[in-house]
Amino acid sequence: MGETRHFFTTPFVIDQLASAEGLAMLRQAVDEERQRDAAGVQISNINGWHSNTNMIEWGGEAARALAYKAMQMADDQTVDAKSPENSRFDWIPEMWANVSEQGSANQYHTHPGSFWSAVAYLDDGYGSSDEAGLGGELQLLDPRMPMIRMTAPDLRLLDASGQAQQTEISIRPKTGMIVLFPSWLQHAVRPFQGPGTRISIAINLVPALKPPQ
């Protein structure tokens, strides 16, 4: 029997934020900024509130700590091919907040110009409910776009376990969860119908060469 190899995997990292105090400080910073700038900005969000991308400045020490957490996660998943033992790169973080009420969503998009993207959930908005119909899942689209547009879309490639590969994956957020993925991965948020308010923070990590010693 022939040998099958699976190439070009896409990393998706899930971790947990341990500090309840840090989550509370971040939420307070988001609440204050939302009061200061109620209009926010419109980018990929459908309804909901999207802050400016300067949260690393107005978010205080808790925002800087969250950015550092994301950078640590990125370091664990990245290697400088020309200097594996001592990377020549640092990360420049860009950060913003999203607040979603019922009916809010985010259309499919990528984050051009950055290398890694992360999302941290301060409040999943589900109010401890496990009901599947509340929506709000983070959707990830297979980056091999032709796969879902082939002549016979009902035919699927098999994955390493012998199961049909998925073309779209749903991740249900949880309060305190932080996820990290390559910035080129198309992602969206399904319409949120939870009883509470979804509060999340997004981070882009832009690589920059360290200054010469």
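The values are calculated or read from the model by the stated rules, or taken from the named source; none is laboratory data. Because the structure is predicted, anything quoted here is derived from the model rather than measured. FYI the Cβ positions are ideal-geometry reconstructions off the backbone, even for glycines, and counts take in every protein chain you see.
Numerical summary
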| item | result |
| --- | --- |
| Subset of the range 149-184 that is over 30 Å from Thr197 (Cα atoms) and surrounded by 13 or more Cβ atoms within 10 Å (Cβ to Cβ) - its residue that is modelled with the highest pLDDT | Gln165 |
| Residue within the range 170-187 that is closer than 28 Å to Asn52 by Cα, touching a residue at least 60 places away in the same chain (Cβ under 8 Å) and more than 15 Å from the chain's Cα centre (by Cα) present | no |
| Number of the exception - Thr10 against (1) within 20 Å of Leu122 (Cα to Cα); (2) in contact with a Leu (Cβ under 7 Å, 6 or more places away or on another chain); (3) not hydrophobic (A, V, I, L, M, F, W, C) | (1) |
| Any hit, the range 47-67, residues being part of a helix (DSSP H, G or I), in contact with a Phe, Trp or Tyr (Cβ under 7 Å, 6 or more places away or on another chain) and not small (Gly, Ala, Ser) | yes |
| Hey, Gly22 closer than 16 Å to Ile203 by Cβ, surrounded by fewer than 18 Cβ atoms within 10 Å (Cβ to Cβ) and more than 18 Å from the chain's Cα centre (by Cα) or not | no |
| Hits in the range 106-123 (condition: assigned to a strand (DSSP E or B), hydroxyl-bearing (Ser, Thr, Tyr) and within 23 Å of Gln72 (Cβ to Cβ)) | Ser117, Tyr121 |
| Leading residue by the ranking (farthest from Gln139 (Cα to Cα)) among those in the range 42-84 that are over 16 Å from the mean Cα position of the chain (by Cα) and modelled with pLDDT under 95 | Gln42 |
| Among (1) among the small types (Gly, Ala, Ser); (2) surrounded by fewer than 17 Cβ atoms within 10 Å (Cβ to Cβ); (3) closer than 25 Å to Arg172 by Cα; (4) in contact (Cβ under 8 Å) with a residue 60 or more places away in the chain, the one test that Gly113 misses | (3) |
